[in-house]
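Everything on this sheet refers to the single structure shown next.
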Amino acid sequence: MNKTAQNTSFRDLLKLKSIETQKSFKENFPEAHQFLLEKGVELGKIRQHSAKLISAGALTGTLLLSPPTGASSLPTPSDIVHNLSETEGRDANVVPQKEFINSLRNLLPKEVRPLARDEEKRLEIVVKNILDVNAKATLEGEHLNTIYGYIGAEQHLKKYPGDILENHGPYYKEGIAPGLGAWGYFSKSKAETNSFIIETEKWYSVVQTLYLPDWNSRQPYLRDWYKYRKLLIINTVNGNAVITAIADSGPAAWTGKHFGGSPEVMDYLGGSRYKKGPVLVFFVDDPENKIKLGPVDYNDLSGKDLVQI
Amino acid sequence: MSIIFYDKLVVLTSVDKKIKKLVSSSEERQEMWQMVEEIIHHKVLGCCLDNLPHEHHSEFLDMFHKAPHDQNLLRYLDEKSKKDMKKIIKQEIKDLTKDLLLLNSNKV
């Protein structure tokens, strides 16, 4: 059977399985089905419903029904700023990356989870002070379902029709995706491929736009807004940070990952064996488009002390 | 806290690999992801209700629809069912993964 036939067959069988599962739930638990129906909750779209509730809760400060351990001991923004200015004057030999890792350790919960707005604000201050990047969890009213999650390795994307893996060196191991990103090819042909396109594919990232509660109702605005939007991605374990551009939607929520990174992004964040890890993701507030994609070098020692895991 | 209280128990990496291998357009891929998503939620909620005594269904559903992310839901299930629901949900997902991987195989 060829790939197209296999695909059609799998898609049809998956659809059938989905219908059967929903039917079986309805038959076995009619009261539950009725309850959710009355509340206007579609079980298949419970993720979007939950994201909406979390977002509303985060804004009104009622997010954490069960507060994370240590939340009450989080430092206030003024504490953070005070500590940072003390650090600046204390020891010129301290590697900023080390300070950054320590700050993240103090501010982040032990388990990866969506953060409350005040937690995000504190992190924005730290990022601005140490990395000198205007990083925003919410930009122009837009916010991802979570900014603290797991990133996974993605393959290269085809920049134009006929693009092949050999054009994506030296990172060949991950391969090239058989399909296209959510915004299709980056350019119509090889001849039209410029340095902007090459850099965008090289430093591309993936976010779960498909699970945004308002993704479907606010089209085409959101699709355009997210296309190649600059993101700052920070490996929260070693402090490595990179500016990326969104070029695809995903990964599926049931992969245990929340974001994706190109082979170059992943290599910079954690080294050649880095396939999955916790990261912070912020929009970059760069209205004049001055910030370049790629590694954020914020060490006095020209990056030679970057920690690889 | 996850977006859904059972998110951390639900990982079907091999199904994702299969979809990525078969599908070339982003739209198709997302359509299949959504189908799997629908199956998961119905299966897991069904599994929770199956193991929860009927008299607690109403209270559980009320809590679930108000805060699907709340980790207390798992504790509630453990307590009322007197079972290790993490283990049960994980097994449900393991079985589902097998089913989905065999969908277009002649072995079925």
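Residues in region B:11-25 that are farther than 14 Å from A:P251 by Cα and among the aliphatic types (A, V, I, L, M): B:L22, B:V23.
Identify, from the list A:L269, A:L280, the residue that is assigned to a strand (DSSP E or B), away from chain B (no Cβ under 14 Å) and out of contact with any Pro (no Cβ under 6 Å at 6 or more places or on another chain). That would be A:L280, the only listed residue that is assigned to a strand (DSSP E or B), away from chain B (no Cβ under 14 Å) and out of contact with any Pro (no Cβ under 6 Å at 6 or more places or on another chain). If you go through region A:169-192, how many residues are touching a residue at least 60 places away in the same chain (Cβ under 8 Å), crowded, with 17+ Cβ neighbours inside 10 Å and under 19 Å from A:S272 (Cα atoms)? Selection size over region A:169-192: 2.
When region B:67-80 is filtered for residues that are facing chain A (nearest Cβ under 8 Å) and either under 16 Å from the mean Cα position of the chain (by Cα) or buried (at least 18 other Cβ atoms within 10 Å of the Cβ) (or both), the ones remaining, listed by number, are B:A67, B:P68, B:H69, B:D70, B:Q71. Screening A:D267 with (1) over 12 Å from the mean Cα position of the chain (by Cα); (2) more than 23 Å from A:G169 (Cα to Cα); (3) touching a residue at least 40 places away in the same chain (Cβ under 8 Å) gives one miss only, at (2). Inclusion of B:V15 among residues that are in contact (Cβ under 8 Å) with a residue 12 or more places away in the chain, more than 7 Å from every other protein chain (Cβ to nearest Cβ) and either in a helix (DSSP H, G or I) or out of contact with any Lys or Arg (no Cβ under 6 Å at 6 or more places or on another chain) (or both) is warranted.
Looking at A:I197, A:I234, just one residue is in the same structural domain as A:Y160 (by TED's automatic domain parsing) and in a helix (DSSP H, G or I), and that residue is A:I197. Residues satisfying the criterion are absent from region A:196-206 (criterion: in contact with a Leu (Cβ under 9 Å, 6 or more places away or on another chain), aliphatic (A, V, I, L, M) and crowded, with 17+ Cβ neighbours inside 10 Å).
Taken together, the criteria place A:T200 among residues that are in contact (Cβ under 8 Å) with a residue 40 or more places away in the chain, within 13 Å of A:Y160 (Cβ to Cβ) and either in contact with a Gly (Cβ under 8 Å, 6 or more places away or on another chain) or hydroxyl-bearing (S, T, Y) (or both). A residue that is more than 14 Å from chain B (Cβ to nearest Cβ), in a loop (DSSP other than H, G, I, E, B) and farther than 15 Å from A:N145 by Cβ cannot be found anywhere in region A:242-258. Within region A:207-231, which residues are surrounded by fewer than 20 Cβ atoms within 10 Å (Cβ to Cβ) and part of a helix (DSSP H, G or I)? A:Y221, A:L222, A:R223, A:D224, A:W225, listed by residue number. Residue count for region A:246-276, restricted to those that are in contact with a strand residue (DSSP E or B) (Cβ under 6 Å, 6 or more places away or on another chain) and surrounded by fewer than 22 Cβ atoms within 10 Å (Cβ to Cβ): 2.
Given the conditions (1) among the acidic types (D, E); (2) outside any loop (DSSP other than H, G, I, E, B); (3) under 23 Å from A:E264 (Cα atoms), and given that A:E174 satisfies all but one, which numbered condition is not satisfied? If we test A:E174 against (1) among the acidic types (D, E); (2) outside any loop (DSSP other than H, G, I, E, B); (3) under 23 Å from A:E264 (Cα atoms), just (2) comes out false.
Considering region B:36-66, the residues that are farther than 17 Å from B:K94 by Cα and facing chain A (nearest Cβ under 7 Å) include one that is farthest from the chain's Cα centre (by Cα), namely B:H57.
The values are calculated or read from the model by the stated rules, or taken from the named source; none is laboratory data. Note that the coordinates shown come from a computational prediction; the quantities given were computed from them, not determined experimentally. Ideal geometry is used to build each Cβ from the backbone, glycine not excepted, and the neighbour counts take in all protein chains shown.
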